[in-house]
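Read through the structure below, which is laid out as structure tokens, and then see the notes.
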Amino acid sequence: MASAFTTFFFFFFLVFNLASLHHHVLARDVVEIEEGYTVTTVIDGHKLGINPRSILPKPGSSDLLLLDSVSSIVYTLSFPTSKESKVKVNRLAGASDKNGGYADGELDSARFNKPRSFAVDLKGNVYVADKTNHAIRKISNTGVKTIAGGYSKNPGHQDGPAKNASFSDDFEISFVPEKCALLISDHGNQLVRQISLKAEDCVRGSQFALGAVSIWVLGLGLSCLLGLIVGIAVQPYIFRRTERLQPPVFQDMDALPNPSGEASTDTLLRHQKRSC
């Protein structure tokens, strides 16, 4: 009996270990390296005194936009070519206050509080997911404004106009040019939300100028065409009125030639000479 129990236990132990080994083999990581790629450090935050949270290209420029979540500042940087290249760093928006805060207005005096992510539209406006303030802020040439959230200091999931909207403590944003909208990945609420942007924010500056010129040229062409049509339409009436206003022409009957080719006055003088 003991021998049978020992045999059964040994068999069960062997099967269990084989199953575990098979599972381990199946769960092993599989890594395939594709050759031809190299990783190079081009920005050293320790030397520049910044902590990169996110980085994006600046539309219409070779510069970069960098979000420092620790300092709550958005920077512009010249595009580096190597770690040794000199990088020009400029503060785009946000006050130098590591404690963070909430203040719209001028670029230099605006304050954020641990922004999570940011996005850039085609016009170059920057949208910041201001995490701790539960708001989405817009950075433009005129300053910083809030476009959604911010009124409620507590997290939430309310939709609606800017002052009624609320977000969780963990959300990120991205720009979708095809929809002219911001998509919000609201992790804390397990939601994907959308903010429709203004039409002019989804057109590049050069395209907007070209469109304005095209509209001006089209308007000028239509005006000329309309003037030509009106001119052709009123031309007969103008000519008729001109003919009516012309003064009658009176001719001297005595000066008219007779059938022989002489004028009446010449004939009269000739008769008077004969009488004399």
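The values are calculated or read from the model by the stated rules, or taken from the named source; none is laboratory data. Keep in mind that this is a model prediction, so the values were computed, not measured. Note that we place each Cβ from the backbone using ideal geometry, even for glycine, and neighbour counts take in every protein chain shown.
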Need the failing condition index for PHE167 against (1) over 19 Å from ASN189 (Cβ atoms); (2) of a type outside the set (S, T, N, Q); (3) assigned to a loop (DSSP other than H, G, I, E, B), just the number. (1)
If you scan region 133-145, which residues turn out to be crowded, with 17+ Cβ neighbours inside 10 Å and either outside any strand (DSSP E or B) or among the charged types (D, E, K, R) (or both)? ASN133, HIS134, ARG137, LYS138
For ASP108, state whether it is under 20 Å from SER152 (Cβ atoms), assigned by TED's automatic domain parsing to the domain that holds LEU66 and surrounded by fewer than 18 Cβ atoms within 10 Å (Cβ to Cβ). no
Every residue from region 85-127 that is closer than 12 Å to LYS145 by Cα and aromatic (Phe, Trp, Tyr): TYR102, PHE112, TYR127
Only listed residue being closer than 18 Å to LEU66 by Cβ and either among the hydrophobic types (A, V, I, L, M, F, W, C) or outside any strand (DSSP E or B) (or both), chosen from ALA148, ALA119: ALA119
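Taking the options LEU182, LEU122, LEU191, name whichever one is in contact with a strand residue (DSSP E or B) (Cβ under 9 Å, 6 or more places away or on another chain), in the same structural domain as LEU64 (by TED's automatic domain parsing) and farther than 30 Å from SER61 by Cα. Steps first, answer last, please.
Values: LEU182 fails: farther than 30 Å from SER61 by Cα; LEU122 fails: farther than 30 Å from SER61 by Cα.
From the options LEU182, LEU122, LEU191, the qualifying one is LEU191.
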Based on what the data block shows, is SER96 out of contact with any Leu (no Cβ under 7 Å at 6 or more places or on another chain), closer than 30 Å to VAL176 by Cβ, exposed (fewer than 12 other Cβ atoms within 10 Å of the Cβ) and without any contact (Cβ under 8 Å) to a residue 40 or more places away in the chain? no
